[in-house]
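Student: This structure is in structure tokens; I'll ask about it shortly.
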Amino acid sequence: MPMLSTHSLKPVAPHMPPGTSEFLGCQRRHTLPASEFRCLTPEDAVSVFEIEREAFISVSGTCPLYLDEIRHFLTLCPELSLGWFEQGRLVAFIIGSLWDKERLTQESLTLHRPGGRTAHLHVLAVHRTFRQQGKGSVLLWRYLHHLGSQPSVRRAVLMCEDPLVPFYEKFGFQVVGPCAVTVGSLTFTELQCSLRCHAFLRRNSGC
């Protein structure tokens, strides 16, 4: 059953690593870009699931999203996803959907509500060979700015295990309280983040 975790990411302050500015908005001609951020498509679903399966099943025995669910969200709301590719290879990703209630419920794990103003972040995962490099921080920073460019999305919400709360707080997320969703014996904390500041930064960054 779905959950959100980044157990393999080392919590670090959000910053752009050396060299990141070199590939923002740029691509090499006639070759695959060294690094590229783009929304995911259903064709990326298998690559997404391979990373997710290795990252989560070995630890908790379950995945936030299984293959059919990944295809489901990437078909309905690809604009709420973001993948990081290096030389055409997916190395990290986030998948989200829209939600239309104040708090997360069991239904929010599998539904996309097109009229919702809240982006529910289902999963953030990094390929095992690219962990401990700050990629999760860079991707989440870019994702929140990506959401901030969408006028209909007002806030982002997620659920995570308690040890990960400080990681998300560094990006402006605030604890709402215990999440109503449980997965087996696992319990989660629910966090939310206003996207107003990210939209402002986006408009004034020239991106």
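Student: Counting only other residues whose beta carbon sits under 15 Å from that of PHE93, what net charge do I get with K and R as +1, D and E as -1? All intermediate terms of the calculation are to be shown ahead of the outcome.
Tutor: Numbers: positive: ARG38, ARG53, ARG71, ARG89, ARG128, ARG131, LYS135, ARG142; negative: GLU36, GLU43, ASP44, GLU50, GLU52, GLU54, GLU69, GLU79, GLU86.
In short, -1.
Student: Okay, next question. Quick one: which residues, 5 or more positions from ARG155 or on another chain, have an amide H under 5 Å from its amide H? H modelled 1.01 Å from N in the peptide plane, none for Pro or chain starts.
Tutor: Amide H neighbours of ARG155, under 5 Å, 5+ apart: ALA119, LEU195.
Student: Summing +1 for each Lys or Arg and -1 for each Asp or Glu, what net charge is found among the other residues whose Cβ lies under 14 Å from the Cβ of SER60? Walk me through the numbers on the way to the answer.
Tutor: Details: positive: ARG53; negative: GLU52, GLU54, GLU161.
Here the count lands on -2.
Student: Sticking with this one: Can you compute the label reach from GLU50? Point 7 Å from Cα along the Cβ direction, backbone N cut-off under 19 Å, restricted to segment 69-102.
Tutor: 69-72, 74, 82-95
Student: All other residues with a Cβ under 10 Å from the Cβ of THR189 taken together, and with Lys, Arg as +1 and Asp, Glu as -1, what is their net charge?
Tutor: Working: positive: none; negative: GLU161, ASP162, GLU190.
Summing Lys and Arg as +1 and Asp and Glu as -1 gives -3.
Student: Still on this structure, I have one more. Given the peptides 96-108, 177-189, 130-142, arrange them by the average over their residues of other C-beta atoms within 10 Å, most packed first. Provide the component values of the computation, followed by the final result.
Tutor: On the way: 96-108: 17.8, 177-189: 14.8, 130-142: 19.4.
Sorting 96-108, 177-189, 130-142 by mean packing, highest first, produces 130-142, 96-108, 177-189.
Student: Let me ask you something else. Averaged over every viewing direction, what's the projected area of the C-alpha convex hull for segment 65-148? Give it in nm², one decimal, please.
Tutor: Answer in nm², one decimal: 6.0.
Student: May I pose another question? Quick one: with all protein chains in place, what share of the accessible area of segment 48-130 is carbon or sulfur, to the nearest percent (1.4 Å probe)? List each step's numbers first, then the result.
Tutor: Working: 1690 of 3280 Å².
C and S atoms contribute 51 percent here.
The values are calculated or read from the model by the stated rules, or taken from the named source; none is laboratory data. All of these numbers come straight from a predicted model, not from anything done at the bench. A quick note on method: Cβ atoms are made from the backbone with ideal geometry, for glycine too, and the neighbour counts reach across all protein chains shown. Note: accessible area is taken over every heavy atom of the protein model, side chains too, but ligands, DNA and RNA are not part of it. Shrake-Rupley method; radii C 1.70, N 1.55, O 1.52, S 1.80 Å.
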